Amino acid sequence: MWWGVAAALLANVLYSSGFVLEKRALTGLPALTAGRPLRVVRLLLRSPLWLAGSLALAAGFAAQLAVYRTLPIAAAQGIFVAGLVLLLLLSATVLGERPTARERAGVLAVLAALAMVVGSLRDSDAVGERAPVGRLLVVCLPALAAGLWLYLAAARRDRDPNRPAGTGVEYGVAVGLLYGVSSLAIKGVAGRLTTHGVGNAALALLRSPYPYLLVGTGAAGLVLSQTALQRCRASLIVPVCTTVSALFTAVVGTFAFGESLPADLPRLTLRLAGTALAVTVLLVLPRHDEVPVPVRQ
């Protein structure tokens, strides 16, 4: 269990660092558009800083595989959400996105939420490894369709000069749905990794929907997330995306993989209250920089 907690915290460091490096790189690139995905990929691959960020994210993905093999999916999401504390700190020091007093208070609250989720864990907690294919597709395909529709609708609205500019929340929700499906695919891949009978395990993995969901959401998420990240603050897009992804993965993943919540009331309360606190903090954090009120002379 504690290896899983350590791997989750490591994944948080890698993911936060990767997003900040990518955001820093995107500020120096020409405007990206999801309608030209090959151009997006070509421009990204020419940026050494962006490549460094993508390598950090890839390492975070490897750590996430270890997490899903040792922790229940709902508990893992509670720890992943807490990683946004580091994102706010890195956004301030690297990107110059200074946190407000409310954001600093939110950091302390999310740390308390992390302690609650970790305190609810026991070595005896069941970890699901497989989800029925039909059940998985029933929950994943509508989420993918909703995410793509929402992203395209937001992009179409932003191109209309007669409408006010969007805040970027819609982009975050859309990408969060894609990454939520991707998290379920990672969970499924992790459940099939084994050191015994590697050939049979690889064949069984290729016969499952997990690698194809992972490749599809990874490719779409690459283009959509980078165009959104270039247009909006990292401290706006990433928290919204992570909140949506965590909620989707925790709720849908617990159902799809047949995992159960703690049976005893104290641990159940810690698990649910810790996750709810982390999500609530992210929802109430300010989504825009505060505009100073002019002083009357």
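Listed by position, the helices (runs of 4 or more DSSP H) inside region 90-203 whose residues that are at pLDDT below 85 and under 20 Å from the mean Cα position of the chain (by Cα) number at least 3 are 101-119, 169-192.
Candidates are the residues of region 219-241 that are in contact with a helix residue (DSSP H, G or I) (Cβ under 6 Å, 6 or more places away or on another chain) and at pLDDT below 80; the one that is surrounded by the fewest Cβ atoms within 10 Å (Cβ to Cβ) is ALA234.
Within region 18-37, residues that are in contact (Cβ under 8 Å) with a residue 40 or more places away in the chain and closer than 23 Å to ALA92 by Cα have Cβ atoms under 6 Å from residues that are surrounded by 14 or more Cβ atoms within 10 Å (Cβ to Cβ) and aromatic (Phe, Trp, Tyr) in these pairs: GLU22/TRP50, counting only partners at least 6 apart in sequence or on another chain. Could you say whether any residue in region 213-224 is of a type outside the set (A, V, I, L, M, F, W, C) and more than 19 Å from ALA145 (Cβ to Cβ)? Looking for residues that are of a type outside the set (A, V, I, L, M, F, W, C) and more than 19 Å from ALA145 (Cβ to Cβ), one finds none in region 213-224, hence no.
Scanning region 51-60 for residues that are touching a Leu at 6+ places or on another chain (Cβ under 7 Å), surrounded by fewer than 22 Cβ atoms within 10 Å (Cβ to Cβ) and touching a residue at least 60 places away in the same chain (Cβ under 8 Å) turns up nothing. Applying a threshold of 7 Å to beta carbon distances and a minimum spacing of six or more residues, or different chains, the list of pairs starting in region 232-258 at a residue that is in contact (Cβ under 8 Å) with a residue 24 or more places away in the chain and assigned to a helix (DSSP H, G or I) and ending at one that is among the small types (Gly, Ala, Ser) and surrounded by fewer than 23 Cβ atoms within 10 Å (Cβ to Cβ) reads LEU236/GLY168; ILE237/GLY168; PHE248/ALA143. Restricting region 259-272 to residues that are in contact with a Ser or Thr (Cβ under 9 Å, 6 or more places away or on another chain) and in a helix (DSSP H, G or I), the residue that is farthest from SER182 (Cα to Cα) is PRO266.
Residues that are farther than 20 Å from VAL127 by Cα and modelled with pLDDT under 85 within region 204-216 comprise LEU206, ARG207, listed in sequence order.
Scanning region 19-57 for residues that are over 28 Å from TRP149 (Cβ atoms), over 21 Å from the mean Cα position of the chain (by Cα) and of a type in the set (D, E, K, R) gives a single hit, ARG46.
The values are calculated or read from the model by the stated rules, or taken from the named source; none is laboratory data. Quantities reported herein were computed from a predicted structural model and do not represent experimental measurements. Here Cβ is always computed from backbone atoms with ideal geometry, including for glycine, and neighbour counts include all displayed protein chains.
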